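J.: Handing you a structure now.
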Amino acid sequence: MLKHELRKKYKNLRAGISPSQASDFSLILANHVLQIPIWDFFYYHIFLSIEEQNEVDTLPIITLLQGKDKNVVVPKVSGENSMDNYLLTDGTAFRKNKWGIPEPVDGIMVPEEKIDVVFIPLLAFDALGNRVGYGKGFYDVFLDKCRKDTLKIGLSFFGAEEEPITDVHENDVKLDYCITPEKVYAF
């Protein structure tokens with residue numbers, strides 16, 4: 001399938017999930033994070049959910065990471081398709097941007113090359129680890145700046161598309177893992 005078709009399909013599917021289901025699924029995803037060998041690293045980038053888009057709630061994963069004394073890093077849009085990364089602290093203040101994404105107002109910036117693990121928002125993914133986001137390219141640009149060995153983990157309420165995504169570009173960055181309520185995919 002083409003990315004634009006998958007975007008439409010999965011936005012509709014996600015809109016059909018109740019807030020209660022989304023909350024339950026998000027907790028299951030957080031528990032599944034424990035199955036992945038990521039606990040020897042230091043810096044974990046994680047997106048902050050857009051509540052209006054019924055995205056995976058990342059707060060349970062953030063709580064899990066902080067409970068294990070990991071450095072949590074959150075993004076802030078800094079250009080047309082670029083992001084800066086800020087260390088999440090007890091004093092971090094947030095403001096929603098024009099897309100409804102909570103972002104840190106300011107704080108301690110963390111360079112991309114320090115980030116070990118990235119949790120990535122997505123709408124869909126296939127069995128090969130290709131992913132479909134909102135189409136703005138923020139994460140492709142960001143991931144290109146990260147180290148090649150940085151682990152990339154997608155979070156989704158739905159399983160992998162059986163058919164490969166047909167319009168994958170050379171700049172698209174594949175996932176290493178994707179966590180769903182049903183299972184953890186490794187690519």
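The values are calculated or read from the model by the stated rules, or taken from the named source; none is laboratory data. Remember, it's a predicted structure, so these values are computed and weren't measured experimentally. Backbone-built Cβ (ideal geometry, glycine too); neighbour counts: all protein chains shown. Quick note on the areas: whole protein, heavy atoms, side chains included, nothing else; ligands and nucleic acids left out. Shrake-Rupley method; radii C 1.70, N 1.55, O 1.52, S 1.80 Å.
J.: Sorted by accessible area (1.4 Å probe), largest first, how do MET1, MET109 line up?
T.: The most accessible residue leads, giving MET109, MET1.
J.: Using helices alone, what [θ] at 222 nm do you get for the chain, with -39,500 (n - 2.57) per DSSP H run of 4 or more residues, divided over all residues and rounded to the nearest 500?
T.: One gets -7500 deg cm²/dmol as the mean residue ellipticity at 222 nm.
J.: For GLU80, GLU52, GLU5, GLU112, what's the largest-to-smallest order of accessible area, 1.4 Å probe?
T.: GLU80, GLU52, GLU5, GLU112
J.: In addition: In a Debye calculation with equal point scatterers on the alpha-carbon sites of segment 28-140 and no solvent, what is log10 I(q)/I(0) at q = 0.09, 0.15 Å⁻¹?
T.: At q = 0.09, 0.15 Å⁻¹ the computed log10 ratios are -0.23, -0.68.
J.: Among bridges DSSP assigns within the chain, what percent are antiparallel (round to 5)?
T.: 50
J.: Under a straight-distance cross-link criterion of Cα-Cα below 21 Å, which lysines are reachable from LYS96, leaving out those fewer than 8 residues away in the same chain?
T.: Straight-line reach from LYS96, under 21 Å: LYS11, LYS76, LYS136.
J.: Now a separate question. Considering Cα pairs under 8 angstrom that are at least six residues apart, work out the relative contact order of the chain and quote it in whole percent.
T.: 23
J.: While we're looking at this one, here's another question. Step through the table entries LYS9/LYS70; LYS3/LYS152; LYS9/LYS114, compare each Cα-Cα distance with 31 Å, and write down the pairs that go over it.
T.: Flagged as over cut-off: LYS9/LYS70; LYS9/LYS114.
J.: May I pose another question? ³J(HN,Hα) across segment 52-62 via Karplus (A = 6.51, B = -1.76, C = 1.60, θ = phi - 60°), whole Hz, x for Gly/Pro?
T.: So the J values, rounded to whole Hz, are 5, 8, 6, 6, 4, 7, 8, 4, x, 6, 4.
J.: Run the dipole for segment 13-146 about the Cα centre, Lys and Arg Cβ at +1, Asp and Glu Cβ at -1, nothing else charged, and hand back the magnitude in debye, nearest 20.
T.: Using Cβ point charges on Lys, Arg, Asp and Glu, segment 13-146 gives about 160 debye.
J.: If you don't mind, another one. For the chain, with a Gaussian network of springs between Cα atoms less than 10 Å apart, report the residue from HIS45, HIS169, HIS32 with the top mean-square fluctuation.
T.: Judging by the Gaussian network model, the answer is HIS169.
J.: Now for a separate question. Rounded to whole Å, give me the distance from the Cα center of segment 117-155 to that of segment 29-54.
T.: Taking the Cα centre of each part, segment 117-155 and segment 29-54 sit 13 Å apart.
J.: As a test question: what accessible area, to the nearest 10 Å², does ARG95 have when a 1.4 Å probe is rolled over all protein chains in place?
T.: Accessible area of ARG95: about 150 Å².
J.: Connecting C-alpha atoms closer than 10 Å in a GNM of the chain, tell me which of LEU13, LEU151, LEU65 has the biggest fluctuation.
T.: Of the options given, LEU13 has the highest mean-square fluctuation.
J.: Given the options ALA127, ALA160, ALA15, which has the most mean-square fluctuation in a GNM of the chain, springs set between C-alpha atoms less than 10 angstrom apart?
T.: Per the Cα network of the chain with a 10 Å cutoff, ALA15 tops the list.
J.: For ILE120, which sequence-distant residues (separation of 5 or more, or a different chain) have an amide H within less than 5 Å of its own amide H, given hydrogens modelled in the peptide plane?
T.: ILE153, GLY154, LEU155
J.: Considering only GLY91, ASN71, LEU143, whose Cα is most displaced toward the positive end of the charge dipole of the chain, charges sitting on Cβ of Lys, Arg (+1) and Asp, Glu (-1)?
T.: The residue sitting farthest along the positive end of the dipole is GLY91.
J.: Placing unit charges on C-beta atoms (Lys and Arg positive, Asp and Glu negative, everything else neutral), compute the dipole magnitude of segment 69-187 about its Cα centre in debye, rounded to 20.
T.: 400
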